[in-house]
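Read the structure below first, then the notes.
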Number of protein chains: 4
Amino acid sequence: MARRFAHSECTIRYSYSMSANPAAKFPDPARLAACARAIADAGRKLGAQGLTPATSSNFSMRLDDSHAAITISGRDKGTLTLDDIMVIDLQGRAVGTPAKPSAETLLHTQIYARFPDANAVLHTHSRTQTVASRLFADSGTIRLEGYELLKAIAGHNTHQTRIDLPVFPNTQDMPELVARVNAWIDGGKPLFGYLIDGHGIYTWGRDMAEAERHIEAFEFLLGCELDLRRLRT
Amino acid sequence: MARRFAHSECTIRYSYSMSANPAAKFPDPARLAACARAIADAGRKLGAQGLTPATSSNFSMRLDDSHAAITISGRDKGTLTLDDIMVIDLQGRAVGTPAKPSAETLLHTQIYARFPDANAVLHTHSRTQTVASRLFADSGTIRLEGYELLKAIAGHNTHQTRIDLPVFPNTQDMPELVARVNAWIDGGKPLFGYLIDGHGIYTWGRDMAEAERHIEAFEFLLGCELDLRRLRT
Amino acid sequence: MARRFAHSECTIRYSYSMSANPAAKFPDPARLAACARAIADAGRKLGAQGLTPATSSNFSMRLDDSHAAITISGRDKGTLTLDDIMVIDLQGRAVGTPAKPSAETLLHTQIYARFPDANAVLHTHSRTQTVASRLFADSGTIRLEGYELLKAIAGHNTHQTRIDLPVFPNTQDMPELVARVNAWIDGGKPLFGYLIDGHGIYTWGRDMAEAERHIEAFEFLLGCELDLRRLRT
Amino acid sequence: MARRFAHSECTIRYSYSMSANPAAKFPDPARLAACARAIADAGRKLGAQGLTPATSSNFSMRLDDSHAAITISGRDKGTLTLDDIMVIDLQGRAVGTPAKPSAETLLHTQIYARFPDANAVLHTHSRTQTVASRLFADSGTIRLEGYELLKAIAGHNTHQTRIDLPVFPNTQDMPELVARVNAWIDGGKPLFGYLIDGHGIYTWGRDMAEAERHIEAFEFLLGCELDLRRLRT
């Protein structure tokens, strides 16, 4: 059985096999189309800012209780079309498509599982993020404090706060990374985003606008930290 | 009683309640439309230069003796439409709209009160501005001298001058910041703009073109100061 | 007596007074229109690269044996229209217009007088140029050597060369600057461009394309020099 | 005898002289048009990122067993049209045109001879590439390791790898450079790209998309290396 739905710009196709995921339901086509469009738009903006070099980075949005839309592995994130976005279930398995989701899909589904309010997850890979991750890998966290722009992170309404951004060791073994993120959350420490060493940042939001605001804010704050380190020595 | 005026691109609506502000008069609709357009255009330019990350920054223009147009709190300043701009009186209160003006509205109205020639106020939040503010917070001022571009600041016609840009401590308490700015002015020291620690810059001009020129010049001069500090150590 | 010539995009007007400059002849309208367009196009490109902040910078082209087209003082160089460009004679006087040419007009006419092959002069004001000028002001020159891109400067066909770029002290007295440039040339030293301390660069070319290539090359080479200085200490 | 083929955007003309290259066959016009378009598109993207200053850089694609398309010497690589691209044989000689190919043509044909899978070669000339080449010229290689983005280089599927990027001395004598590149390959060391001192980078790919991904990845990784060097001292 195959379903298809049309969209004014292009068409996202997915065929649904009852046998493969008997419990799964279809995500709402209108919600899927809207999310795919939001993901492609975010990619264009973030790509233009140089945050997604060389087909790196991946983006997703929660579609419903059991599905998310996510970028297909290996695509140029600055020029995404709706054909570059696929449906997964919240265990990270492709739904109704032979396409391969991002290698880091489990990091997205983990966020949806652990943060019920999160509906959009952005992972980018800027030079600032990579350099900061390597510089602070040994200490394991980057402390951000004294910045007015901390107010751009949801739940903060004063600059008189601080956010500890963890830097996890890089690995190609996603369950290992998932376990590290879980350990941080289970330790009771607040988590608004995290870096992976030699890699980029993960952050999220209630909607795509909030997730984008978080990416912009963390990119800015990490850039300030690097500048201050250069200038204060 | 509600008034409405049309504009070719979009419509700014505000309803006017006699009871709320009995003494207030309407700002001229044509002037309001022109100012809102100038504010949106400035936002687009400043946003494209990376000066307004993560919904930071705010902009205003004086409309008449008792009103200003100002950006609504929380909007993306690089993609403003006329619907993102509202009317306030010069005490900083919303006029004819339930929208919430920028949290820093009192810093705008203070400029209009203290500088009768100022008709446009720009507050941006670049990485260079934030980093410079933190580096010079302890000394309380940044001295700019020896630059040809000092001539871009109104009233200067030679590079053989200097401008002291104050850096005020950050606070979420606007009256406290207003008092610090007043103290500087009342001390008889010239003021062309100021930084807030960990935050951005405020500057202004006779019209939007002059205010934009001041932002560009201060951004450039602060960038040069940071570069020279890196290169001379 | 007033002459006027039309152009597809806009109109450059100039009135010609027999009494003011009895010996002057009209520049060819087609040549003037082409040069004005080339100047506006160059401004758009250089402005987009951030080389012309806050109405700084000025550009000109030689029109004939006795005239040049030059940018009018105080305009935004990134958004020039043909109305922002005027005619001067090669003594730097406005021809047929009450507009005021750039304050640095004499530096342009000097180039046309000393370098018969030069037909376009560009002065820009980037952060890199300003910072380099201040760092090297004491030594009076910046030596550029070992770069493949030296081949972009007219007359160089190998990287095994070097170019000494002089840095002259800044002054608002143009005849003083003209005298310094003349002294360098009269000393028999090659001159492909020069910096003014705390200010920007002057360079030129046989045509606008060559002048633009020189600006791009010097901006690049000065940027490399600053980076290497930061990295080698 | 002259052949000509049309293309929707512009026309690439080349006349074929039987006497000059009696053994040569024509490249397929459709393949030539597609490659020329891909080269022009790549130039526009790389130029917009500032990687091709002052008419530097050159690009090519393999057309068939005995031909390649390459940029004509001295053109602005950010605004290439199909008229800026010519045909060469794999010995680097112009085919059917009096135009002069890039001075570094032999470095392109060498890649096609030594790497049968390579179908696109990109040489760019960014500030980061030039500065890195000068800093690491003495050691002769730049070691890249610990970066997730190493996975963007073909054949790498983990960050737990390292790539040694050689830095060869600059020379205007192409056979000398060709010999150095051959010596590296003949020494059995893997080669994914190389820098030339004071100059830029060469890299390649199975198709233009892969070559572009390699340029973006190396530009990013070299930038990180420079940043870390600045920050760790």
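The values are calculated or read from the model by the stated rules, or taken from the named source; none is laboratory data. Predicted model, so just to flag it, every value in this text is computed and none were measured. Glycine gets a Cβ as well: all are built from the backbone with ideal geometry, and neighbour counts include every protein chain shown. When the accessible area is computed, the model is the full protein with side chains, heavy atoms only, and any ligands, DNA or RNA have been set aside. Shrake-Rupley method; radii C 1.70, N 1.55, O 1.52, S 1.80 Å.
Computed values, structure above
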read-out	value
Tilt relative to chain A, helix A:105-114 - C-alpha long axis, 0 to 90 degrees, to 10	80 degrees
Gyration tensor verdict on region B:104-177 (Cα atoms; rounded if a/c is under 1.5, prolate if a/b is larger than b/c, oblate otherwise)	oblate
Helix-derived mean residue ellipticity, 222 nm - over chain A, DSSP H n ≥ 4, -39500 (n - 2.57), to 500	-11000 deg cm²/dmol
Test item: D:142-154 mean partner chain Cβ contacts at 10 Å	4
Choice from B:E104, B:E212, B:E145 showing the highest fluctuation, given a GNM over chain B with Cα pairs closer than 10 Å	B:E145
Closest approach to the B/A rotation axis among chain B Cβ atoms, residue and whole-Å value	B:R230, 4
P(r) tail fraction, region B:154-200 - alpha-carbon pairs more than 14 Å apart, %	56 percent
Whole-number accessible area per residue in Å² for the protein assembly as shown, which is evaluated in the context of all protein chains at 1.4 Å	40 Å²
Among C:N58, C:N119, C:N182: highest mean-square fluctuation, GNM of chain C, C-alpha pairs under 10 Å	C:N182
Separation between Cα centres of region A:108-146 and region B:22-51, rounded to whole Å	36 Å
Surface/4 estimate of mean projected area, convex hull on alpha-carbon atoms of the protein assembly as shown, nm²	45.1 nm²
Antiparallel DSSP beta bridges within chain A, percent to nearest 5	95 percent
Amide N of region A:79-111 lying under 11 Å from the label point, which is placed 7 angstrom from the Cα of A:K45 along Cα→Cβ	none
Cross-link reach list, lysines versus B:K151, counting only Cα pairs under 25 Å and skipping chain neighbours closer than eight places	B:K45, B:K189, C:K45, C:K77, C:K100
Under Karplus coefficients 6.51, -1.76 and 1.60, residue-wise ³J(HN,Hα) of region C:33-39 in Hz, glycine/proline x	5, 5, 5, 4, 5, 5, 5
Accessible area buried at the B-A interface, both sides summed, 1.4 Å probe (Å², nearest 100)	1900 Å²
Accessible heavy-atom area order of B:D207, C:D65, highest first, probe of 1.4 Å	C:D65, B:D207
Table column - 3J(HN,Hα) (Hz), region B:68-74, Karplus curve with 6.51, -1.76, 1.60, x for Gly and Pro	9, 9, 9, 5, 6, 4, x
Descending semi-axes in whole angstrom, ellipsoid equivalent of region C:126-229, from the Cα gyration tensor	21, 16, 13
Surface share of carbon and sulfur [accessible, 1.4 angstrom probe, percent] for chain D	49 percent
Residues in region D:204-228 occluded by at least 30 Å² - accessible area, probe radius 1.4 Å, against chain by itself	D:R213, D:E216, D:F220, D:C224, D:D227, D:L228
Acute angle (nearest 10 degrees) that the helix D:208-232 long axis makes with the longest principal axis of chain D, alpha-carbon atoms	30 degrees
Within a Gaussian network of chain D (alpha carbon springs, distance under 10 Å), most fluctuating of D:A68, D:A54, D:A40	D:A54
Taking all pairs of distinct alpha-carbon atoms in region C:11-156, Kirkwood radius in angstrom	16.4 Å
Shielding by partners - mean other protein chain Cβ count within 10 Å, residues of A:164-170	1
